[in-house]
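The values are calculated or read from the model by the stated rules, or taken from the named source; none is laboratory data. Since this is a predicted model, take the numbers as computed values, not measurements. Cβ sites come from the backbone with ideal geometry, for glycine too, and all protein chains shown count toward neighbours. Ligands, DNA and RNA are stripped out before the accessible areas are found, and what is left, the full protein with its side chains, is counted by its heavy atoms. Shrake-Rupley method; radii C 1.70, N 1.55, O 1.52, S 1.80 Å.
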Amino acid sequence: QVQLVESGGGLVQTGGSLRLSCAASGTIFSINAMGWYRQAPGKQRELVAAITSGGSTNYADSVKGRFTISRDSAKKTVYLQMDSLKPEDTAVYYCNFNLRRTVLTAHLDYWGQGTQVTVSS
């Protein structure tokens, strides 16, 4: 069984910073990619940032230049550094790992429980 545990959300003022972390535990053979998604009230979940096993990154246009995704492969942890936060960044943030549990299994998506980020104006 794989478990993803997120931390780091909270309340911050406009222009402030937060750092999210997500650590995976359990039986994991390999990790293909890690990412962060967010979902605001009344809106669909959207990709915020992703990083592949090779280190390539991808960002939503709305966060480019403000957010940075990084990873510690040895710790099976992904981070999201969020700077210059805006009220429109307010959402529940979910981490996602695309991984294989064993050499015989396919890559599957696993999700964290979500952490609330609220940016006040």
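Where only protein heavy atoms count, and the probe is 1.4 Å, what is the accessible area per residue for the chain in Å²? Don't jump to the answer; show the numbers that get you there.
On the way: 6410 Å² over 121 residues.
Using a 1.4 Å probe on heavy atoms only, each residue of the chain averages 53 Å².
Pull out the extension gain between residue 56 and residue 121, defined as 0.36 nm times the separation in residues minus the alpha carbon to alpha carbon distance; nm, one decimal. Present the calculation step by step, with values, prior to reporting the outcome.
On the way: separation 65, 0.36 × 65 = 23.40 nm, distance 3.30 nm.
Value of the extension gain: 20.1 nm.
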(request) Check each of the trypsin sites (Lys or Arg not before Pro) in segment 63-121 and keep only those in coil by DSSP with at most 12 other C-beta atoms within 10 angstrom; list them in order. (result) 64
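Multiply the residue separation of residue 40 and residue 11 by 0.36 nm, subtract the distance between their alpha-carbon atoms, and state the gained length in nm to one decimal.
Details: separation 29, 0.36 × 29 = 10.44 nm, distance 1.47 nm.
Between residue 40 and residue 11, full extension yields an extra 9.0 nm.
Which trypsin sites (Lys or Arg not before Pro) does segment 24-63 hold that lie in a coil by DSSP with at most 10 other beta carbons within 10 Å?
Working: sites: 38, 43, 45; in loops: 43, 45.
In loop regions of segment 24-63 (DSSP not H, G, I, E or B), the sparsely surrounded trypsin sites (Lys or Arg not before Pro) are 43.
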(request) May I ask you to give the percent of accessible area on the chain that is carbon plus sulfur, with a probe radius of 1.4 Å? (result) 48
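Given N residues in the chain, what is its alpha carbon radius of gyration divided by 2.2 N^0.38 Å? The partial results should precede the final answer.
Numbers: Rg = 14.2 Å, N = 121, 2.2 N^0.38 = 13.6 Å.
This ratio for the chain stands at 1.04.
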(request) Pairs of Cα atoms under 8 Å, at least six residues apart: use those to get the relative contact order of the chain, whole percent. (result) 36
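Would you kindly state how much longer the chain becomes between residue 84 and residue 3 on full extension, computed as 0.36 nm times their sequence separation minus their alpha carbon distance, in nm to one decimal?
Numbers: separation 81, 0.36 × 81 = 29.16 nm, distance 3.03 nm.
Fully extending the segment from residue 84 to residue 3 adds 26.1 nm.
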(request) Output ³J(HN,Hα) for segment 34-41: one whole-Hz value per residue in order, computed from phi by the Karplus curve 6.51 cos²θ - 1.76 cosθ + 1.60 with θ = phi - 60°, and x for Gly and Pro. (result) 10, x, 10, 10, 9, 9, 8, x
